[in-house]
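A.B. asks: Below is one structure. I have some questions about it.
Values in this text are rule-based calculations from the coordinates and carry no lab data. Predicted model, so just to flag it, every value in this text is computed and none were measured. Neighbour counts run over all protein chains shown; Cβ positions are idealised from the backbone, glycine included.
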Amino acid sequence: VDIGKPRSPFRRHYASYYPYPLDLEKIQRALPDFLGTHDFTSFCATGSSVDDKTRTVHEASMAVNDAGDELIFTFRGDGFLYKMIRIMVGTLLKIGNGRLAPDSIPAIIAQKDRNAAGPTAHPEGLYLVHVAYE
């Protein structure tokens, strides 16, 4: 996520732009709440035909590049639902912007309601890095 001021025209296809102020510590506090096995219905796009929305997230982390103008989110799990990562990132940005409390993730998961989570983040910058099969 590009958080630089002004927006870099060179990253427009490689990172989504977020122009609002963020408290990165709030985002860091919220990330561990995604870890473990949960029913991620709240973080799945409406209209999904998947019946079992239980997934296990093994890693949920955020790093900031050296310039301090880009956030790198990393998620590792046993599988992901349609738009799940984008909704998770959108919710984290809403937490970082102070519009959701950092401890709200468990309640959002428990509600099993897509409307409880934050917006779907833009797709620019979303990359599948590695797939492993057991």
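A.B. asks: Give me the pairs: first residue in the stretch 115-134 and closer than 26 Å to Thr46 by Cβ, second residue of a type in the set (A, V, I, L, M, F, W, C) and assigned to a loop (DSSP other than H, G, I, E, B), beta-carbon distance under 8 Å, and six or more apart or on different chains, which are they?
C.D. replies: Pairs that qualify, where the first residue is closer than 26 Å to Thr46 by Cβ and the partner is of a type in the set (A, V, I, L, M, F, W, C) and assigned to a loop (DSSP other than H, G, I, E, B), are Gly118/Leu100; Thr120/Ala45; Ala121/Val1; Glu124/Ala15; Gly125/Val1; Gly125/Ala15.
A.B. asks: Then there's this: From the set of residues in the stretch 93-112 that are within 14 Å of the chain's Cα centre (by Cα) and outside any helix (DSSP H, G or I), which is farthest from Val64 (Cα to Cα)?
C.D. replies: Filtering the stretch 93-112 for residues within 14 Å of the chain's Cα centre (by Cα) gives 93-97, 100, 102, 104-105, 108-109.
Now narrow it down to the ones that are outside any helix (DSSP H, G or I): 97, 100, 102, 104.
On the way: Asn97: 16, Leu100: 21, Pro102: 18, Ser104: 23 Å.
Filtering the stretch 93-112 for residues that are within 14 Å of the chain's Cα centre (by Cα) and outside any helix (DSSP H, G or I), the one farthest from Val64 (Cα to Cα) comes out as Ser104.
A.B. asks: Follow-up. Select from the stretch 105-133 the residues that are surrounded by 18 or more Cβ atoms within 10 Å (Cβ to Cβ) and either of a type in the set (Ser, Thr, Tyr) or out of contact with any Lys or Arg (no Cβ under 6 Å at 6 or more places or on another chain) (or both) and list them in ascending order.
C.D. replies: Listed by number, the residues that qualify are Ile105, Ile108, Ile109, Arg114, Ala117, Thr120, Gly125.
A.B. asks: Here's another thing I want to ask about it. State whether the residues of the stretch 61-72 include one that is touching a strand residue (DSSP E or B) at 6+ places or on another chain (Cβ under 9 Å), farther than 14 Å from Pro32 by Cβ and part of a helix (DSSP H, G or I). Break it down into steps so the answer makes sense when it comes.
C.D. replies: If we filter the stretch 61-72 for residues that are touching a strand residue (DSSP E or B) at 6+ places or on another chain (Cβ under 9 Å), which is where we start, we get 61-65, 69-72.
If we keep only those that are farther than 14 Å from Pro32 by Cβ as well, we get 63-65, 69-72.
If we keep only those that are part of a helix (DSSP H, G or I) too, we end up with none.
Looking through the stretch 61-72, none of the residues is touching a strand residue (DSSP E or B) at 6+ places or on another chain (Cβ under 9 Å), farther than 14 Å from Pro32 by Cβ and part of a helix (DSSP H, G or I).
A.B. asks: Name every residue in the stretch 19-46 that is without any contact (Cβ under 8 Å) to a residue 60 or more places away in the chain and not in a loop (DSSP other than H, G, I, E, B), in order of residue number.
C.D. replies: Passing the criteria: Glu25, Gln28, Pro32, Gly36, Thr37.
A.B. asks: Additional query: Considering only residues that are of a type in the set (Asp, Glu) and under 15 Å from the mean Cα position of the chain (by Cα), look in the stretch 44-92 and name the one that is surrounded by the most Cβ atoms within 10 Å (Cβ to Cβ).
C.D. replies: Glu70
A.B. asks: Turning to a different aspect of this structure: How about the stretch 12-43: which of its residues are surrounded by 13 or more Cβ atoms within 10 Å (Cβ to Cβ), more than 14 Å from Leu71 (Cα to Cα) and either within 13 Å of the chain's Cα centre (by Cα) or of a type in the set (A, V, I, L, M, F, W, C) (or both)?
C.D. replies: Ala30, Asp33, Phe34, Leu35, Phe40, Ser42, Phe43
A.B. asks: Moving on to the next point. Considering only the stretch 113-134, state which residues are charged (D, E, K, R), in a loop (DSSP other than H, G, I, E, B) and closer than 20 Å to Asn97 by Cβ.
C.D. replies: Answer for the stretch 113-134, where residues must be charged (D, E, K, R), in a loop (DSSP other than H, G, I, E, B) and closer than 20 Å to Asn97 by Cβ: just Glu124.
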